[in-house]
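For reference, the structure is listed below as structure tokens.
The values are calculated or read from the model by the stated rules, or taken from the named source; none is laboratory data. On a predicted model such as this, the values are computed, not experimentally measured, just so you know. Glycine also receives a Cβ, built like all others from the backbone with ideal geometry; neighbour counts cover every protein chain displayed. The protein model used for the area step is the full one, side chains on, heavy atoms only, and it has no ligands, DNA or RNA in it. Shrake-Rupley method; radii C 1.70, N 1.55, O 1.52, S 1.80 Å.
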Amino acid sequence: MQNTKRRSASVLRDFLDSEAAGGIVLMCVAALAMLVANSPLAENYFHLIHAETGPVLTPKLGVMTVHLWINDGLMAVFFLLVGLEIKREFVDGHLASWADRLLPMIAAAAGMAVPAAVYLFIAGGDPDLHRGWAIPAATDIAFAIGVLALLGSRAPASLKLFLTTVAIVDDMGAVAIIALFYTASLNLAALGAAAAIWLIMLALARLGVMRLWPYLILAALLWYATLLSGVHATIAGVLAAFAIPLKRTIAAPDAEDSPLHRLEHALAKPVAFFIVPLFGFANAGVSLEGVGIDALLAPLPLGIALGLFLGKQIGIFGSVWACVKLGLAARPRDASWTQVYGVALLCGIGFTMSLFIGGLAFIDPAQADAVKIGVLMGSILSAISGFMLLRWCSPPVKN
């Protein structure tokens, strides 16, 4: 039991603390982006984001810009960390057994399907908007954990763990959606090269190579091959993560010589405090000049906003309630049903992943701005309502 507590302190607590602080930074940066985009500095802001920096890495993207380097380059590192977290949790963490996986997997699946259905119900009448169905399906783990952290001890540890595991499974679903539904055309030669590089990485892991540098070099090559293939380059981050060796240390602190553990800890803070906030600053800024009620209630932003706010809470809370009532799983320990509902509301914060998927779904500037407005409306509404409910609901109950 002592070793289990030490492991929790050395891995999960560090992860939650990092995500919470990073989420608070992300909130501030998103607010700053909105302020700058609606200030006299707006022209400089948009010019900087879309400034051409070169070179041409692929004809599909053309000349690289600051925005492309962030979304297709730095975000690959974000997805690398996501992949590392998914692999660790499934192999050596809180999702290592099917009993532990059942509730968060069902909750995450329902929390993706229902928002997509809500979106299509509202925006599905326009065939041009069908590509946006996955935008409200994602949960922003950093933003949601950041809001939950503001509650301090009023949120039991089991709720934070539940939110984290649901968001990790949700991320896994979002990665699959990007790979399967947002790939327009394929360069088979480049795709074959990417597959060969990944197989080499898997072979190195199989041979017991524990140094990180060969994997990092191959990961960079995998990123470029994936970029050329037509599959979004960020998928390379997840594939690379799955190939990096993990030394299992069940009920014990992380092994210092485990490549996956070393890389995950090395990336956690740069991703939380630099890459994700930079992405938020570059993608959250939208001019509200001339935006009235009609624009806010248009099918695209309204479908996204209600998908996040209504779809997430219905899907996640409804699936948890059904699992408990059917005897498939237990309610999170020391948490009331009101608190579980509050966390389901927080899962409607879709900021980072929703903006990312929105950028893949719609390239028209007007539609891209509508996506940002919808994501911001749904995420802010979910954050405020979830925080208020958890702040003033009854104290935790003891199971």
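Of the numbered conditions (1) without any contact (Cβ under 8 Å) to a residue 40 or more places away in the chain; (2) touching a His at 6+ places or on another chain (Cβ under 8 Å), Trp321 fails exactly one; give the number of that condition.
Answer for Trp321: the failing condition is (2).
Evaluate the following for Thr183: is it in a loop (DSSP other than H, G, I, E, B) and either at pLDDT below 85 or in contact with a helix residue (DSSP H, G or I) (Cβ under 9 Å, 6 or more places away or on another chain) (or both)? Explain how you work it out, then say what you get.
Details: in a loop (DSSP other than H, G, I, E, B): yes; either at pLDDT below 85 or in contact with a helix residue (DSSP H, G or I) (Cβ under 9 Å, 6 or more places away or on another chain) (or both): yes.
Yes: the conditions hold for Thr183.
Being part of a helix (DSSP H, G or I) and buried (at least 18 other Cβ atoms within 10 Å of the Cβ) is the filter here, so list the residues in region 315-332 that pass it. Don't jump to the end; show me each part of the working.
If we filter region 315-332 for residues that are part of a helix (DSSP H, G or I), which is where we start, we get 315-325.
Result: Gly315, Ile316, Phe317, Ser319, Val320, Cys323.
Every residue in region 214-242 that is open to solvent by 20 Å² or more (accessible area, probe 1.4 Å) and in a loop (DSSP other than H, G, I, E, B), please.
Listed by number, the residues that qualify are Val231, His232.
In region 107-162, which residue that is surrounded by fewer than 17 Cβ atoms within 10 Å (Cβ to Cβ) and among the acidic types (Asp, Glu) is farthest from the chain's Cα centre (by Cα)?
That would be Asp126.
Quick one: which residue in Leu296, Leu308, Leu288, Leu278 is more than 21 Å from the chain's Cα centre (by Cα) and either crowded, with 23+ Cβ neighbours inside 10 Å or closer than 24 Å to Ala134 by Cβ (or both)? Break it down into steps so the answer makes sense when it comes.
On the way: Leu308 fails: more than 21 Å from the chain's Cα centre (by Cα); Leu288 fails: either crowded, with 23+ Cβ neighbours inside 10 Å or closer than 24 Å to Ala134 by Cβ (or both); Leu278 fails: more than 21 Å from the chain's Cα centre (by Cα).
Exactly one residue qualifies, and that residue is Leu296.
Based on what the data block shows, is Arg211 farther than 28 Å from Ala116 by Cβ, among the charged types (D, E, K, R), modelled with pLDDT of 90 or more and open to solvent by 30 Å² or more (accessible area, probe 1.4 Å)? Lay out the reasoning, then the answer.
Details: farther than 28 Å from Ala116 by Cβ: yes; among the charged types (D, E, K, R): yes; modelled with pLDDT of 90 or more: yes; open to solvent by 30 Å² or more (accessible area, probe 1.4 Å): yes.
Here the answer is yes, as Arg211 does meet what is asked.
Please work out if Leu376 is hydrophobic (A, V, I, L, M, F, W, C) and either assigned to a helix (DSSP H, G or I) or at positive phi (or both). Talk me through it step by step, then tell me what you get.
Numbers: hydrophobic (A, V, I, L, M, F, W, C): yes; either assigned to a helix (DSSP H, G or I) or at positive phi (or both): yes.
Here the answer is yes, as Leu376 does meet what is asked.
What residue, among those in region 77-106 that are open to solvent by 50 Å² or more (accessible area, probe 1.4 Å), hydrophobic (A, V, I, L, M, F, W, C) and touching a Leu at 6+ places or on another chain (Cβ under 7 Å), is nearest to Thr139 (Cα to Cα)?
Here is the first cut: in region 77-106, the ones open to solvent by 50 Å² or more (accessible area, probe 1.4 Å) are 91, 94, 98-100, 102, 105-106.
If we keep only those that are hydrophobic (A, V, I, L, M, F, W, C) as well, we get 91, 98-99, 102, 105-106.
Then drop every residue that is not touching a Leu at 6+ places or on another chain (Cβ under 7 Å), which leaves 91, 102.
Working: Val91: 22, Leu102: 18 Å.
Of everything passing the filter in region 77-106, Leu102 is nearest to Thr139 (Cα to Cα).
Does Lys60 qualify as being basic (Lys, Arg) and either surrounded by fewer than 16 Cβ atoms within 10 Å (Cβ to Cβ) or within 21 Å of Phe281 (Cα to Cα) (or both)? So that I can check it myself, show each step before the final result.
Details: basic (Lys, Arg): yes; either surrounded by fewer than 16 Cβ atoms within 10 Å (Cβ to Cβ) or within 21 Å of Phe281 (Cα to Cα) (or both): yes.
It is true that Lys60 is basic (Lys, Arg) and either surrounded by fewer than 16 Cβ atoms within 10 Å (Cβ to Cβ) or within 21 Å of Phe281 (Cα to Cα) (or both).
List pairs: first in region 78-104 and under 27 Å from Ala220 (Cβ atoms) and at pLDDT 80 or above, second assigned to a helix (DSSP H, G or I) and of a type in the set (Phe, Trp, Tyr), Cβ under 7 Å, 6+ apart or cross-chain?
Gly83/Phe242; Lys87/Phe242
Open to solvent by 30 Å² or more (accessible area, probe 1.4 Å), modelled with pLDDT under 90, among the aliphatic types (A, V, I, L, M) and part of a helix (DSSP H, G or I): is that true of Ala272 in this structure? Quick ask: steps written out before the conclusion?
Values: open to solvent by 30 Å² or more (accessible area, probe 1.4 Å): no; modelled with pLDDT under 90: yes; among the aliphatic types (A, V, I, L, M): yes; part of a helix (DSSP H, G or I): yes.
Considered against the rule, which asks whether it is open to solvent by 30 Å² or more (accessible area, probe 1.4 Å), modelled with pLDDT under 90, among the aliphatic types (A, V, I, L, M) and part of a helix (DSSP H, G or I), Ala272 comes out as no.
May I ask you to verify whether Ala266 is more than 30 Å from Ala37 (Cβ to Cβ), part of a helix (DSSP H, G or I), open to solvent by less than 50 Å² (accessible area, probe 1.4 Å) and not basic (Lys, Arg)? Show your work before the answer.
Working: more than 30 Å from Ala37 (Cβ to Cβ): yes; part of a helix (DSSP H, G or I): yes; open to solvent by less than 50 Å² (accessible area, probe 1.4 Å): no; not basic (Lys, Arg): yes.
Here the answer is no, as Ala266 does not meet what is asked.
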